[in-house]
Every structure is written in structure tokens, then in C-alpha cells.
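Each remark here refers to the structure printed beneath this line.
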Amino acid sequence: MENTVNKLKNKSYKNFLVKIAIALIGVAFVGFGLAFNSVAMLGNDAVAVLYDGVRNMFGLPTEKLGIVTNLVNYILMVIVFILGRKYINIGTFIYTLPMGNFVDVGFKIHELLSIPTTLNWRIFTSFCGCSMLFLGIGIFIAIDVGMDPCTGIVMIVKDKINSQYKIAKVICDICTLALGFTLGGIVGVVTVIAVLIAGPTIQKISETFDNTVLKWMKLSKLTTSNS
């Protein structure tokens, strides 16, 4: 009996470490996507517009976006801790702490690729950026280790207005986008695309990743709940 319990504990611990590693891969893709979209200068999603606005407010170059990303996420994490401590968990730290570093790596990857700055190549860069961004968020959601600070803010707003998540999400996106734009964040065609297709695309990626990769690894929500 004791051996069985120990095996179950070891399996749970191993699964937890694997999920953390996969979550970090998702966060890495998010960081790379933010960097590529920033370099393309065709806009970004609402949260990244806020990052870019804060960067512009401090008069920092684009390459310092990683530092600003960390700063904004730390501030949001403190707000979540004060107003909705129950939404702080391991996923919050996994998403927040390394994000800025991954953005910096994304800039270096783009630099190494020596992608031209013509409009066609900027569009291609934005396509790669959005693809990595959506993929990363989808993976992070699918692995289900917790929520990022921005989602924590959305949940707090949801509780405050006693409404549905999607309504709180729209409110937060509008406020974030307006603040970022006011501070000088770049809004462009990618921003519009993100508003229109980000939600459904990320949801589809998350479901597909859970039903294929995580199911094969026996880490999907359905598999773990039945074991």
C-alpha cells in the first residue's frame, strides 16, 4: 500500500514538473510573439499596446520592451494580490517572472534572422508574431497551471461588476488599449486583427493542444480528472 502511495506521489510530482516546463514553453512563445510584433510596428494586442505605451512614456527604445513588460506585470501582480489574492497562484509567477527575458530573446532571434524592413516582410514578421503569441497563450491556458496577472485583473473586474467573464474581458481590453494608446503605444492593423480573431483562435489552439499533445502525454484535463 505504501509503495502504491509513493508511486502516485512520484507520478504527480513528475506530471507537475512536466506541466511547468510546458507552461514555460507557452510563455516563451508569448514573449517571442510580442517582440516580433513590436519590431514589425504594425500594432499589437491590447495588453502589448499598454507595454509599448509605458515604454514610450519612459522614452525607452523598442529593445527595452522586455524590461517594461516585467515592470507592468509586476505592478499588475501586486494589484491582483491586494484586490483578489485568491487569483494569485503558481501560474501567475510562471507567466510573470520570465516574460521580459523571453521578450528580449525574441528581439535577439529577430536580429539573428536579419529579416528585411520592407512592408511585405513586416507583414510576414507580424504574422509570425501573432502566430507565436496565440500559440503561446493557447498552450499556457491548456496546461492549466493558473492564470497570468492580466487574467487575474479580468477576474477581479468580473467579481466587482458581478457579470460574465467575456464582458469583464471586453471592458479590460478597452481600458488597456485606451491607456496604452494614450501613453503612445502603437496601434495598427494587428491590433484590429487581435481584437477580431485572438479569442476564437486561442480557444481553438488550446482545445486542440489539450486533445492531442496533452492527451497523448496523459496530461489533459479529462485524463487527469479521470485518473
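Values quoted throughout were computed directly from the atomic coordinates according to the rules given, and no laboratory measurement underlies them. Keep in mind it's a predicted model, so treat the numbers as computed, not measured. Cβ: placed from backbone, ideal geometry, glycine included. Neighbour counts: every protein chain shown.
The table for this structure:
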{"read-out": "Using a Förster distance of 30 Å, the FRET efficiency for residue 122-residue 196 (Cβ separation, nearest 0.05)", "value": "0.95"}
{"read-out": "Estimated inter-spin distance, residue 189 and residue 63, nm [label 7 Å along Cα→Cβ]", "value": "2.8 nm"}
{"read-out": "Cα convex hull volume per residue for the chain (Å³)", "value": "138 Å³"}
{"read-out": "The stretch 52-171 - percent relative contact order, Cα under 8 Å, separation 6 or more", "value": "32 percent"}
{"read-out": "Shape category assigned to the stretch 87-206 from the gyration tensor of Cα positions, a/c cut at 1.5", "value": "prolate"}
{"read-out": "Gained length - residue 21 relative to residue 114, 0.36 nm times residue gap less alpha-carbon distance", "value": "30.5 nm"}
{"read-out": "0 to 90° range, to nearest 10: angle between helix 65-83 axis and the chain longest Cα axis", "value": "50 degrees"}
{"read-out": "Residue pairs, from the table 166/215; 158/204; 169/215; 86/160, whose Cα atoms sit over 18 Å apart", "value": "166/215; 158/204; 169/215"}
